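Okay, structure first, notes after.
The values are calculated or read from the model by the stated rules, or taken from the named source; none is laboratory data. No experiment lies behind these values; they were computed from the predicted model shown. Here the Cβ positions follow ideal geometry from the backbone for every residue, glycine too, while neighbour counts run over all protein chains shown.
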Amino acid sequence: MHILMVSAECAPVAKVGGLADVVFGLSRELEIRGNDVQIILPKYDCMRYDHVWGLHITYRDLWVPWHVGAIRCDVWFGFVHGRKCFFIEPHSEDRFFERGQYYGFHDDAERFAFFSKAALEFMLKDNRRPDVIHCHDWQTGLVPVLLYELYQHSGMTNQRVCYTVHNFKHQGVTGEHILYAAGLPNPHQLFQPNRLQDDDNHAAVNLMKGGTVYSNFVTTVSPQHAQEVMHTDQGHGLGHILNVHQGKFGGILNGLDYDVWNPVIDELIPAQYSANAVEKKYDNKAALCDRLLLRKEYKPIIAYVGRLDAQKGVHLIRHGLHYALANDAQFVMLGSSPDPDIDREFRHLKHHFNDNPDCHLEIGFNEELAHLIYAGADMIIMPSMFEPCGLTQLIALKYGTVPIVRAVGGLVDTVFDKDYSGRPEEQRNGYVFHQTDETGLESAMHRAIGLWRHHSDDFRKLMVQGMQCDYSWARPAQDYLNIYNYIRDL
Ligand code: ADP
């Protein structure tokens, strides 16, 4: 099968969060199963060009209609660790992808609406006719709309679209002008409650809603989250339209790329280890202490790795830090935030704990340090307010780092409480709490620290059970292939 991914991110070349990991990992697994997979991305100036091999222009002077004129683009091709990637480079005064960062601009909706349009224009002009176009998140919500309203009339009649929502919080809510800019026929007909009109702001267009309505199948990234977005406020206003289209909507748990995230072969950590030789993990703990200038004492290291966003429960991350230090544990954090208030708060905390030998806060994005933290820490906290799937806990499990998580979204589907899960004891792999206030996190951390300190054999057993969980791409890739096959026959 010929599958074309259209995405704003792909690890490790253009990565902000889990979306990037999913696009890379799923593509790789689909290829292993004999499918032809290509990925279309914007050509950002801030990409990690050191992860692209053989980059060259493959299509010159692709004129993409936009507003009343057209923007000239070049399309580049290169391999990203074996994945076949096209990069769209527009040449215009807007400099859509030459901004030094991926997101955070007033015209983000326009930037990615243009990218969606350019991706289809490239398929059309370069005679690419994939069986399935798989697009991701709000940035590419316009792809199925353009396909069915415009491009199928130019010969793209057999293409089908699978649309995966990784995060319902960001939906690409923008002005009606975007429909005109993209050259969609009869924009006023699209600007209706059953099409692209936003349910909350009736004067606005919602790109994610468009993707949901027009795609042949819509997925989100865990079964639990699929229920949450249909039946709670976690759909951020899209609950109604998801219920209308529930016959083509479901949750597929993300996989983890065990070629990248695997302590047995991880070259970014000083000591490789497996579930059978877990004591070698402690060499990484020592290396982590050296690297972050933590004192080496008989204390558990509790970590947080991830974006510092309200979604991730920043108030509980901060509380976890204080609770760890007050309970004879060490705390390590790696994270960053585009939000100036959150950024300031954590820089202030970093300053405050600068000389504390039991604590290190690293503000920024650092892939290599992330690997060392997963390998060196004893536990990781994920006190998310919502969590569509979460990769951090899957990585932690693989590295024998016991996850302490809030019972929400994909965390419910992947972490099973040591003491209270209804699952058989040998399937339990972490600690789970429910409340959004401090009490739940405290009691889960208390139980985890207690087991580490007083029942180290049981703690080690819990670590190993986590390492033995299989959250590879094997099963989810098959689930996606089943969907692709289903929509191809529609
Ligand atoms: P989200 O997609 O909401 O950001 P996930 O848990 O699904 O959260 O995925 C987060 C991914 O991004 C993980 O691979 C995590 O290790 C990585 N990550 C997040 N923040 C950082 C950071 N500051 N430095 C390095 N890696 C990070």
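Given (1) at pLDDT below 95; (2) touching a helix residue (DSSP H, G or I) at 6+ places or on another chain (Cβ under 9 Å), where does G104 come up short, assuming only one miss?
(2)
Check L253, L242, L308 and return the single one that is closer than 28 Å to F386 by Cβ, more than 16 Å from the ligand (Cβ to nearest atom), at pLDDT 95 or above and in contact with a Gly (Cβ under 9 Å, 6 or more places away or on another chain). Please lay out each step first, then the result.
Details: L253 fails: more than 16 Å from the ligand (Cβ to nearest atom); L308 fails: more than 16 Å from the ligand (Cβ to nearest atom).
The conditions single out L242.
Evaluate segment 406-416: report whether one residue or more is of a type outside the set (D, E), outside the structural domain of H134 (by TED's automatic domain parsing) and over 21 Å from the mean Cα position of the chain (by Cα). Give the derivation first.
Taking segment 406-416 as the starting set, the residues that turn out to be of a type outside the set (D, E) are 406-412, 414-416.
Imposing the further condition that a residue be outside the structural domain of H134 (by TED's automatic domain parsing) reduces the set to 406-412, 414-416.
So of that shortlist, the ones also over 21 Å from the mean Cα position of the chain (by Cα) come out as 416.
For segment 406-416, residues of a type outside the set (D, E), outside the structural domain of H134 (by TED's automatic domain parsing) and over 21 Å from the mean Cα position of the chain (by Cα): present.
Looking at segment 51-140, what strands (runs of 3 or more DSSP E) fall wholly within it and have at least 3 residues that are under 21 Å from G211 (Cβ atoms)? Talk me through it step by step, then tell me what you get.
Working: elements: 52-66, 69-80, 83-91, 132-136.
Of the strands (runs of 3 or more DSSP E) lying wholly inside segment 51-140, those with at least 3 residues that are under 21 Å from G211 (Cβ atoms) span 52-66, 132-136.
Based on what the data block shows, is V75 surrounded by 15 or more Cβ atoms within 10 Å (Cβ to Cβ), touching a residue at least 12 places away in the same chain (Cβ under 8 Å), within 16 Å of the ligand (Cβ to nearest atom) and aliphatic (A, V, I, L, M)?
When the stated conditions are applied, V75 does not pass them.
Is one or more of the residues making up segment 379-394 away from the ligand (no atom under 12 Å from the Cβ), farther than 21 Å from Q224 by Cα and surrounded by 23 or more Cβ atoms within 10 Å (Cβ to Cβ)?
The answer is yes, given that some residue of segment 379-394 is away from the ligand (no atom under 12 Å from the Cβ), farther than 21 Å from Q224 by Cα and surrounded by 23 or more Cβ atoms within 10 Å (Cβ to Cβ).
Filtering segment 21-50 down to residues that are of a type in the set (A, V, I, L, M) and not in a helix (DSSP H, G or I), which residue is nearest to I483 (Cα to Cα)? Lay out the reasoning, then the answer.
Just the residues of segment 21-50 that are of a type in the set (A, V, I, L, M), to begin with: 22-23, 26, 30, 32, 37, 39-41, 47.
Filter once more, keeping what is not in a helix (DSSP H, G or I): 37, 39-41, 47.
On the way: V37: 16, I39: 19, I40: 21, L41: 23, M47: 31 Å.
The selected residue is V37.
Any idea which residue in segment 43-70 is farthest from the ligand (Cβ to nearest atom), counting only those that are surrounded by 14 or more Cβ atoms within 10 Å (Cβ to Cβ), within 20 Å of the chain's Cα centre (by Cα) and more than 15 Å from R83 (Cα to Cα)?
Step by step, filter segment 43-70, then rank; the result is K43.
Within segment 324-341, track down each residue that is in a helix (DSSP H, G or I) and buried (at least 19 other Cβ atoms within 10 Å of the Cβ).
Across segment 324-341, the qualifying residue is only A324.
Find the helices (runs of 4 or more DSSP H) located wholly in segment 201-293 whose residues include 3 or more that are closer than 26 Å to R406 by Cβ, and list them.
223-231, 239-244, 281-292
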